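Q: Take this structure first; my questions come after.
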Amino acid sequence: CPVFHIKGRTFPVKTYYTKTPELDYCTDEQVEFISDYVNNANYSILTQDWEKFNELCDVESFAKHFIVNTILNNGDAGFQIYMYKKEDGGKLYAGPLWDFDQSAAASTHCGESYSSWYTGTQNPWFDSFSHWPEFLKLAKSIYMENHSDIEHIISYYTSDLYPANTYDF
């Protein structure tokens, strides 16, 4: 697997796939634009270039994506990240949320517990996010704004829904 080095850290070179529009319906220029855009976003995340990241990406959607995967201790977090770009000139958005079969204590490859902003994944984006002061400041702010709703949802699933449906879970 090819790697590159940034700020004394080693990262594998990632492959990005265009699902839609299908490549048969894209011009070579469009494919090149998408590839360049995502590679520039990737580089801004790995180098923790906040200005470039904010220019290319909807940073709140990435922070919310990170928060949900962190709370659910999702071992698959970042394994496949679905993103979209709404319109010409628009930013890259993280989402929809996806793939939670290795989360909430169901994973065989992530930690049983954690005490910091880290999802247990080996994805270099999530690793970068968990060590990036500007990103963590935003994530913590969004988390605190939504803390009571998050607590309510967790309480509902653990105290109300789960006991009544233990067999199904």
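Q: Say we look at segment 21-65 and pick out the residues that are outside any helix (DSSP H, G or I) and not hydroxyl-bearing (Ser, Thr, Tyr); which of these is most open to solvent (accessible area, probe 1.4 Å)? Steps first, please.
A: Going through segment 21-65, the residues outside any helix (DSSP H, G or I) turn out to be 21-22, 26-27, 47-49, 57-58.
Okay, now just the ones that are also not hydroxyl-bearing (Ser, Thr, Tyr), so 21-22, 26, 48-49, 57-58.
Details: Pro21: 66, Glu22: 87, Cys26: 21, Gln48: 40, Asp49: 67, Cys57: 1, Asp58: 40 Å².
Applying the filter and picking the extreme gives Glu22.
Q: Could you count how many residues in segment 101-157 are modelled with pLDDT under 80, crowded, with 17+ Cβ neighbours inside 10 Å and under 13 Å from Asn73 (Cβ atoms)?
A: 9
Q: Shifting gears a bit: I'm checking my understanding of the structure. Among residues of segment 66-95 that are under 23 Å from Glu151 (Cβ atoms) and open to solvent by 40 Å² or more (accessible area, probe 1.4 Å), which one is modelled with the lowest pLDDT?
A: Per the stated criteria, the residue is Leu72.
The values are calculated or read from the model by the stated rules, or taken from the named source; none is laboratory data. Just so it is clear, the model here is predicted, and its values are computed rather than measured. All Cβ positions, glycine included, derive from the backbone under ideal geometry; neighbour counts span all protein chains shown. SASA here: full protein model, heavy atoms, side chains in, ligands and nucleic acids out. Shrake-Rupley method; radii C 1.70, N 1.55, O 1.52, S 1.80 Å.
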